[in-house]
Amino acid sequence: MHGGERFAGLGPWARQLGDAAEEAAGLRVTLPLLDMPVHLRWLERRLAAAGGTVERRTVTGFGQAAAEAPAVVNCTGLGARELVPDAGMRPVRGQLTVVENPGIDEWFTRADPASSTTTYFFPQPGGLVLGGTADVDDRRTEPDPRTAQEIVARCARVRPEIAGARIIGHRVGLRPARDGGVRVEAGPLPGGGRLVHNYGHGGAGVTVAWGCAREAARLVG
Ligand SMILES: Cc1cc2nc3c(=O)[nH]c(=O)nc-3n(C[C@H](O)[C@H](O)[C@H](O)COP(=O)(O)OP(=O)(O)OC[C@H]3O[C@@H](n4cnc5c(N)ncnc54)[C@H](O)[C@@H]3O)c2cc1C
């Protein structure tokens, strides 16, 4: 359920979504929902099956990457601020609270136009994920207990059974936002190769990942 949303607010494409229906409380529709740890493991297996490998190292300059490959795709998110450098990159902090699921099997989201908060809950295999916040230029990666209480209270106003659910975890992440939006663009690599930037996806990087990856692959050539 997308609380308070109408077809008119989204545009004609929304009517084409499978079973989307406008109700008094908002739009109800069945959509895919990702459990990120599972999704990332699946992506890594897919990469390995295609012959790819993962190495964890810090890149301090594109010259370092250019020494190893004729084409480099820069997907460094917030790291692009120093690496590119791109002063338009900024963190947008998001905090989530995970509770034991009191029996909720439907997702809910509703934006509050008067603040940077969104009220949402997503049933996941590891619990019910409650959200959320979006604080620009806030780099704190520790969960804030007061914010967690506020998240639970907001969600409980929609589904009262959430108020008594046991808290089993907190999640904090920094969305890699960019002034001017996502950058998918090709340029020269030091030494003559090709550098393809693919960063700045903010709060929608999972949603737009396949489209951006296709465009980046096209630019690699
Ligand atoms: C609370 C929260 C909720 C969200 N919900 C959604 C959602 O519902 N839907 C959605 O689509 N998106 C959501 N997002 C956003 C999504 O997580 C991001 O857009 C996405 O992860 C960005 O992916 P990325 O690969 O571009 O950057 P990142 O995931 O930030 O990855 C960048 C990587 O580059 C590495 N790196 C950086 N600098 C260097 C360097 N110099 N050398 C080597 N490695 C480097 C970093 O270590 C990191 O691993 C959410 C984010 C948060 C925080």
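The values are calculated or read from the model by the stated rules, or taken from the named source; none is laboratory data. Just so it is clear, the model here is predicted, and its values are computed rather than measured. Every residue, glycine as well, gets a Cβ built from its backbone with ideal geometry; the counts of neighbours run over all protein chains shown. These accessible areas exclude ligands, DNA and RNA; they are computed on the full protein's heavy atoms, side chains included. Shrake-Rupley method; radii C 1.70, N 1.55, O 1.52, S 1.80 Å.
Within segment 175-203, the set of residues being surrounded by 12 or more Cβ atoms within 10 Å (Cβ to Cβ) and closer than 21 Å to ASP135 by Cα comprises ARG175, PRO176, ALA177, ARG178, VAL182, TYR199, GLY200, HIS201, GLY202, GLY203. Among the candidates VAL152, VAL172, VAL158, the residue that is farther than 27 Å from ARG28 by Cα and surrounded by 16 or more Cβ atoms within 10 Å (Cβ to Cβ) is uniquely VAL172. The set of residues from segment 73-126 being away from the ligand (no atom under 15 Å from the Cβ), in contact (Cβ under 8 Å) with a residue 60 or more places away in the chain and open to solvent by less than 40 Å² (accessible area, probe 1.4 Å) comprises just one member, VAL99. Restricting to segment 22-39, name every residue that is of a type in the set (A, V, I, L, M) and either surrounded by 11 or more Cβ atoms within 10 Å (Cβ to Cβ) or touching a residue at least 12 places away in the same chain (Cβ under 8 Å) (or both). Within segment 22-39, ALA25, LEU27, VAL29, LEU31, LEU33, LEU34, MET36, VAL38 qualify.
Quick grid of which residues meet (1) closer than 22 Å to THR118 by Cα; (2) within 11 Å of the ligand (Cβ to nearest atom):
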{"position": "ARG159", "(1), (2)": "yes, no"}
{"position": "ILE162", "(1), (2)": "yes, no"}
{"position": "ALA165", "(1), (2)": "yes, no"}
{"position": "PRO176", "(1), (2)": "yes, yes"}
{"position": "ALA204", "(1), (2)": "yes, yes"}
{"position": "CYS212", "(1), (2)": "no, yes"}
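For segment 182-192, the count of residues that are over 19 Å from ALA71 (Cβ atoms) and of a type in the set (Val, Ile, Thr) is nonzero. Got at least one residue in segment 185-199 being in a loop (DSSP other than H, G, I, E, B) and within 16 Å of the ligand (Cβ to nearest atom)? Yes: one or more hits.
Within segment 45-68, the set of residues being in a loop (DSSP other than H, G, I, E, B) and either open to solvent by less than 30 Å² (accessible area, probe 1.4 Å) or polar (S, T, N, Q) (or both) comprises GLY52, THR53, THR58, THR60, GLY61.
Put simply, of GLY132, GLY94, GLY88, GLY51 the only residue that is at pLDDT 95 or above, among the small types (Gly, Ala, Ser) and closer than 24 Å to ALA163 by Cβ is GLY94.
Has segment 139-151 got at least one residue that is out of contact with any Gly (no Cβ under 8 Å at 6 or more places or on another chain), closer than 24 Å to ASN101 by Cβ and among the acidic types (Asp, Glu)? Yes, because at least one residue in segment 139-151 is out of contact with any Gly (no Cβ under 8 Å at 6 or more places or on another chain), closer than 24 Å to ASN101 by Cβ and among the acidic types (Asp, Glu). In the set (1) closer than 22 Å to THR119 by Cα; (2) part of a helix (DSSP H, G or I); (3) of a type in the set (S, T, N, Q), the condition left unmet by THR30 is number (2).
Cβ-Cβ distances below 9 Å connect the following pairs, each with a first residue in segment 205-217 that is open to solvent by less than 40 Å² (accessible area, probe 1.4 Å), a second residue that is away from the ligand (no atom under 11 Å from the Cβ) and modelled with pLDDT of 95 or more, and a separation of six or more residues or different chains: ALA216/ALA186; ALA216/VAL196.
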